[in-house]
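Chemist: Shown below is the structure under consideration.
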Amino acid sequence: MDERIRARGDDNVTATHQSTLELTSDDYLTPAGDCIVGIEADRVPADFDPGFVEACQDRDSQITATLSTDSHQFEIIGRGHPDLTFENDRSLVLRTSDYVDDRTVMIDADAAAADVDRDLIEALSAGESVTMTLAVE
């Protein structure tokens, strides 16, 4: 079961945050948004299928996030948690920690924004589009 989110890069994408990675539906990005890799996301957690949400709320679930541009791909693996609500209507966050809020879609991720392949980040900072596919097992 998976969810697919499309967003676009921005010249302010730096992806230097050490513990999170975010996509937002906002149409702008300031230099302070060092975890954000895509803006104008076409879907947010509140849009996700209830079956997908339920699968992610299993403590034993594995969630894989694949970031894809026309020429690059990067995969992040984490896990679900019973407290994930998927209620946020603005952004989604992958976390290397076990912190959960309404934006969190994955915890204990094996990578954050700073770990993403720099060629992919360069493409995003040039305004290339990105697709994030979230798959849960």
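All of the numbers you see were taken from the coordinates with simple rules; none came from a lab. From a predicted model like this one, the values you see are computed outputs, not experimental measurements. Every residue, glycine as well, gets a Cβ built from its backbone with ideal geometry; the counts of neighbours run over all protein chains shown.
Chemist: If you put +1 on each Lys and Arg Cβ and -1 on each Asp and Glu Cβ, how big is the dipole of the stretch 63-137 around its Cα centre, in Debye rounded to 20?
Modeler: 80
Chemist: For the chain, give the magnitude of the charge dipole about the Cα centre (Cβ charges: +1 Lys/Arg, -1 Asp/Glu; no others), in debye to the nearest 20.
Modeler: The calculation lands at about 80 debye.
Chemist: So, one more: Stokes-Einstein diffusion coefficient for the chain at 4 °C in a medium of 1.567 mPa s, Rh from the Kirkwood formula over Cα pairs: what value in µm²/s?
Modeler: After rounding, the answer is 91 µm²/s.
Chemist: Moving to a separate point now. With the cut-off at 1.5 for a/c, could you classify the stretch 43-121 from its C-alpha gyration tensor as rounded, prolate or oblate?
Modeler: The shape class here is prolate.
Chemist: Moving to a separate point now. Using a Gaussian network model of the chain whose springs link C-alpha atoms within less than 10 Å, name the residue from 71, 97, 125 with the highest mean-square fluctuation.
Modeler: 71
Chemist: For the stretch 30-87, take N as its residue count and report Rg(C-alpha) divided by 2.2 N^0.38 Å.
Modeler: Cα Rg divided by the expected 2.2 N^0.38 Å: 1.31.
Chemist: A further question on this structure: As a test of the formula, what do you get for the chain when each DSSP H run with n ≥ 4 contributes -39,500 (n - 2.57) and the sum is divided by the residue count, at 222 nm and rounded to the nearest 500 deg cm²/dmol?
Modeler: Result for the chain, helices only: -3000 deg cm²/dmol.
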